[in-house]
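The structure under discussion appears below in the form of structure tokens.
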Amino acid sequence: MAELKNSGDGNRIESLTNPLVKELRALRTHKGRVEQRRFLAEGERTLAEAAAAGWRAEYLLVAPGAARGVVPADRTVDVSLEVLEKITGRDNPQPHLAVFAEPEAASRDLEHSQRRRYCSRRHHPRW
């Protein structure tokens, strides 16, 4: 698990070399998302939609001055803007970034079979 500084009311990451920063930065690539079975979501609106759909974040990273608790999360971490830039690869990142676990394999398989069934019905000449 990554090192987090205790800032009294939560945890804070300021170092660009923090292991969690490196771990989350890997989620920008397809390979990283597949290996970790997690993905990043950015922005207050996107996170509000995820919360409304019942998703719970593993991590919620919050920039200085941004509201906390935008989405239910196992851990909320205060981070510097530089850390958000490093993780997202953007010069002007959103103040909220969340890490979500990929849905379980069983639900993915069901979803895939439903999608396949829908596609085959839609394109099959008899249906």
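The values are calculated or read from the model by the stated rules, or taken from the named source; none is laboratory data. Small disclaimer: the values here were computed from a predicted structure and weren't measured. All Cβ positions, glycine included, derive from the backbone under ideal geometry; neighbour counts span all protein chains shown.
Determine which member of the set GLY54, GLY69, GLY65 is outside any helix (DSSP H, G or I) and in contact (Cβ under 8 Å) with a residue 12 or more places away in the chain.
GLY65
Looking at region 78-106, I want the residues that are of a type in the set (D, E, K, R) and have a partner that is modelled with pLDDT of 90 or more and in a strand (DSSP E or B) with Cβ atoms under 9 Å, at least 6 apart or on another chain. Which pairs are those?
Final answer for the pair search is ASP78/ARG12; ASP78/ILE13; ASP78/LEU61; ASP78/VAL62; ARG90/GLU42; GLU102/ARG38; GLU102/PHE39.
Just to be sure, is GLY54 on the phi > 0 side of the Ramachandran plot and surrounded by 15 or more Cβ atoms within 10 Å (Cβ to Cβ)?
no
Just one of LEU60, LEU84 is within 19 Å of ALA101 (Cβ to Cβ), in contact with a strand residue (DSSP E or B) (Cβ under 8 Å, 6 or more places away or on another chain), at pLDDT 90 or above and buried (at least 19 other Cβ atoms within 10 Å of the Cβ); which is it?
None of the other options fit; the residue is LEU60.
Being under 12 Å from ALA98 (Cβ atoms) and part of a strand (DSSP E or B): is that true of THR76 here?
yes
So which residues in region 14-38 are touching a Phe, Trp or Tyr at 6+ places or on another chain (Cβ under 9 Å) and either over 18 Å from GLU104 (Cα atoms) or surrounded by fewer than 14 Cβ atoms within 10 Å (Cβ to Cβ) (or both), if there are any at all?
LEU20, LEU24
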